[in-house]
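Okay, structure first, notes after.
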Amino acid sequence: MKALVKPTAAPGLELVDVPQPQVDSGQVLIKVARTGICGTDLHIRNWDESVRSMVKPPVILGHEIAGHVAAVGPGVDTVVEGDLVSVEGHLVCGRCRNCRAGRRQLCPNTKGVGVHRDGGYAEYIAVPAGNVWRQTSKLDVDVAAIFDPFGNAVHSALAFPVLGEDVLVTGAGPIGIMAAAVARHAGARHVVVTDVSEYRLDLARSTGVTMAVNPTTRDLAGVMAELDMKEGWDVGLEMSGSPTALSGMLETMANGGRIALLGLPSSEEAPFDWVKTITSMLTIKGIYGREMFETWYAMSVLVAAGLDISPVITHRFKYDEWEQAFDTAASGKCGKVLLDWSEV
């Protein structure tokens with residue numbers, strides 16, 4: 001079968017022929033239809049320092065996956081051939097304290113599909129049945145392919161109650177935009193998104209946020225005054241990894257405000273205002289991945305209730321156009337970029 005592989009510990013990827021995976025007991029074989037390109041994939045292609053300790057080439061990349069069940073192994077009765085499914089890309093041990101308590105997203109032994117083991121940039125992938133989320137047949141397969149990053153957005157946006165609250169989202173990447181849409185859908189009063197990319201601010205505006213602003217040209221205090229906000233943001237969702245964005249968020253939070261941190265800082269040291277955090281009695285929560293599988297249930301309910309996340313998908317490419325797809329994703333002038341494996 002065709003697969004997009006990280007062949008060696010050096011920059012670059014290759015589209016090559018590899019053996020089709022076998023489906024073992026407790027596993028599901030998926031005929032991949034779509035995969036989304038993630039920032040992690042870009043780092044792996046470039047062979048950035050941040051990923052070298054995690055990835056052991058050769059490995060097939062890709063962890064944002066949707067497809068149809070092609071076969072099931074012995075003992076699997078949760079899906080049948082033909083079902084449309086998405087993949088939860090975090091493989092947990094099932095034995096640690098957190099796993100045994102049902103807090104699988106906190107497993108310290110987590111391995112990532114497409115990072116630590118072969119992923120979904122391929123015609124087929126075999127995964128444990130417990131990592132397969134069955135979708136309704138009515139769901140657009142493109143939307144099913146972005147349930148992984150959508151889960152990050154939902155996990156962040158619903159980390160704290162947002163009904164009637166004023167929410168600041170720093171970072172208008174695909175996950176930040178989806179998180180803003182979730183907060184709006186969940187009843188937030190004002191949802192303001194910040195970014196320095198006009199392309200992505202326009203994309204955020206298309207999802208119905210209250211305002212999308214460039215903080216280098218508009219002051220957040222002025223935005224709050226325009227919205228008749230008196231005391232600051234109730235909830236902050238930091239999705240950019242920018243130290244400047246985090247500092248600006250801390251400065252404008254209301255006393256008792258709550259912040260969910262998803263964006264990973266760059267190698268640049270990220271200063272943190274502990275005095276402001278303490279004296280304003282802020283709550284800070286780190287977000288990584290999705291709650292398994294409460295977030296997945298929430299995602300399905302939100303989509304069924306009318307939340308449309310499809311506008312965040314801006315580019316689609318055939319699997320053999322992967323170089324153009326990766327370059328588009330790296331350009332920043334895009335939302336989610338998908339690879340189509342349906343006609344290999």
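The values are calculated or read from the model by the stated rules, or taken from the named source; none is laboratory data. As the structure is a prediction and not an experimental result, all values here were calculated from the model. Please note: Cβ atoms are built from the backbone with ideal geometry, for glycine as well, and neighbour counts cover all protein chains shown. We work out accessible area using only protein heavy atoms, side chains counted, and drop any ligands, DNA or RNA first. Shrake-Rupley method; radii C 1.70, N 1.55, O 1.52, S 1.80 Å.
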What is the calculated FRET efficiency for V301 to A10, with r their C-beta to C-beta distance and R₀ = 35 Å, to the nearest 0.05? 0.20
Which peptide among 167-179, 135-147 comes first, and what is the full order, when sorted by highest mean count of other Cβ atoms within 10 Å? 167-179, 135-147
Keeping all protein chains in place and using 1.4 angstrom, which order do I278, I44 fall into by accessible surface area, from largest down? I278, I44
If every Lys and Arg gets +1 and every Asp and Glu gets -1 at its Cβ, then about the Cα centre region 6-88 yields a dipole, in debye to the nearest 20, of 260 debye
Cα long-axis angle, helix 322-331 against the chain (0 to 90 degrees, to the nearest 10): 10 degrees
Rounded to the nearest Å, the spacing of the alpha-carbon centers of region 294-319 and region 33-90 is 17 Å
Whole number in Å², please: accessible area per residue of region 177-334, 1.4 Å probe, ligands, DNA and RNA not counted. 49 Å²
I'd like to compare 314-324, 291-301: which one has the highest average count of other Cβ atoms within 10 Å, and what's the full order after that? 291-301, 314-324
Give, rounded to the nearest 20 debye, the magnitude of the charge dipole that the chain has about its Cα centre when Lys and Arg contribute +1 at Cβ and Asp and Glu contribute -1 at Cβ. 860 debye
For the peptides 55-61, 244-250, what is the packing order when you average, over each peptide's residues, the other Cβ atoms within 10 Å and list the highest mean first? 244-250, 55-61
Selected from F326, A221, I259, residue furthest toward positive end of dipole (the chain; charges at beta carbon): I259
Among M299, H90, T40, which residue has its Cα furthest toward the positive end of the charge dipole of the chain, with +1 on Lys/Arg Cβ and -1 on Asp/Glu Cβ? H90
With a 1.4 Å probe and every protein chain kept in, tell me what percent of the accessible surface of region 162-310 is carbon plus sulfur. 54 percent
Give me the percent of accessible area attributable to carbon and sulfur for region 1-110, probe 1.4 angstrom. 49 percent
Sorting V127, V141, L168 by the position of each Cα along the dipole of region 105-175 (Lys, Arg +1; Asp, Glu -1; all at Cβ), the one nearest the positive end of that ordering is V127
Accessible area per residue of region 97-153 at 1.4 Å probe, in Å²? 43 Å²
How large is the charge dipole for region 150-257, taken about the Cα centre, if only the Cβ atoms of Lys, Arg (+1) and Asp, Glu (-1) carry charge, to the nearest 20 debye? 260 debye
